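Asks: I'd like to ask some things about the structure below.
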Amino acid sequence: MEILLQVGLLVLGFVMLIKGADWFVDGASGIASKLGVPQLVVGLTIVAMGTSLPEAAVSVTAALDGNAGITVGNVVGSNILNILIILGITGVITAVAVQKSTIRYEIPFMLVITILTIVLGMSGNSISRVEGIILWIFFIAYLTYLFVLAKKGNQSEEEAPNKDAKVWKLILGLVAGLVIVVWGSNIAVDAATALAKIIGLSDRFIGLTIVALGTSLPELVTSVTAARKGNADIAIGNIVGSNIFNILFVIGTSALIIPVAFEPNFVIDTLIALAAGILLWVSVAKSKKLTRPWGIVMLLGYAAYFVYLIMQ
């Protein structure tokens with residue numbers, strides 16, 4: 001009976017994720033169309049920050065409770081999953097076009113702040129409040145760049161399907177979709193974890209797989225939905241923006257509350273996150289799109305990383 005209940009909750013969670021992502025993407029792309037804001041900017045800001053709420057909530061809450069030790073693992077693990085699993089799956093499902101600005105500026109910026117995280121973390125095996133301020137300075141600079149990008153950008157002449165929708169309805173759909181996505185991800189993670197324990201899987205295995213993927217479910221469903229709807233800028237921008245947001249805002253804010261522990265083994269994990277970012281950069285630099293072969297390479301890359309984790 002317990003198994004049937006958890007399976008039912010798991011199905012409910014995924015239905016909420018899919019429906020919520022539909023509303024969220026439609027609302028975001030509709031607002032972009034109404035306000036003349038490039039979809040890339042919407043993907044890098046509203047969608048990216050919204051789908052990163054689970055990581056932010058987990059890390060900041062832990063910091064407030066005086067346990068910031070999980071912050072780096074949560075962020076780095078999520079950033080690896082975002083690229084290798086989420087963009088891998090998205091690329092396998094459909095070819096995803098990438099804007100020139102993403103290749104020239106956003107992805108390199110993501111790589112720079114990933115390296116910065118390693119440098120800050122290795123100095124004293126923690127990220128201090130002062131270093132948290134440094135991360136926040138980078139975050140403010142990034143937001144300023146996005147503001148300039150929005151001012152310069154020209155909205156595509158192609159009409160969005162919800163062009164005639166009222167702005168308040170689009171905002172309502174955006175907010176409702178986000179709430180349902182985050183809520184659905186929580187239900188799905190809790191149900192999957194309960195099922196795994198019933199089956200007899202270890203807590204470590206559950207943490208490395210179900211929980212890690214669970215906090216990235218909003219990014220996964222939103223990116224796949226956006227790509228299938230033809231909003232490729234939102235799909236790629238969502239992941240790159242989420243990774244930047246995770247490092248600068250989540251780690252930065254946590255460090256402002258309490259110094260964030262950076263264990264030596266996090267150096268390897270962060271280097272793997274850096275390698276995943278470089279793989280993304282290389283895969284889209286020439287063709288300006290993420291294709292199925294590269295998506296497969298990313299999924300194989302995560303499989304190799306997973307084997308490494310199991311062997312630890």
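Asks: How many residues are surrounded by fewer than 14 Cβ atoms within 10 Å (Cβ to Cβ), not charged (D, E, K, R) and not in a helix (DSSP H, G or I) if we restrict to the range 270-312?
Replies: Looking only at that region, the number is 2.
Asks: Find all pairs meeting these conditions: Cβ atoms under 7 angstrom apart; at least six residues apart or on different chains; first residue within the range 93-111 and more than 18 Å from residue 42 (Cα to Cα); second residue open to solvent by less than 70 Å² (accessible area, probe 1.4 Å) and aliphatic (A, V, I, L, M).
Replies: Correct list of pairs: 93/224; 93/227; 94/227; 95/290; 111/274.
Asks: Which condition number does residue 204 fail, the rest of (1) at pLDDT below 75; (2) of a type in the set (D, E, K, R); (3) open to solvent by less than 30 Å² (accessible area, probe 1.4 Å) being met?
Replies: (3)
Asks: Has the range 44-59 got at least one residue that is open to solvent by less than 10 Å² (accessible area, probe 1.4 Å), modelled with pLDDT under 75, in contact with an Asp or Glu (Cβ under 7 Å, 6 or more places away or on another chain) and not acidic (Asp, Glu)?
Replies: yes
Asks: Filter the range 258-269 down to residues that are in contact with a helix residue (DSSP H, G or I) (Cβ under 7 Å, 6 or more places away or on another chain) and not in a strand (DSSP E or B), then give me how many there are.
Replies: So the count comes out to 6.
The values are calculated or read from the model by the stated rules, or taken from the named source; none is laboratory data. Treat the numbers as computed from the prediction; the structure is a model and nothing was measured. With ideal geometry, Cβ positions are generated from the backbone for all residues, glycine too; neighbour counts draw on all protein chains shown. Heads up: the accessible areas ignore ligands, DNA and RNA and are worked out on the full protein's heavy atoms, side chains in. Shrake-Rupley method; radii C 1.70, N 1.55, O 1.52, S 1.80 Å.
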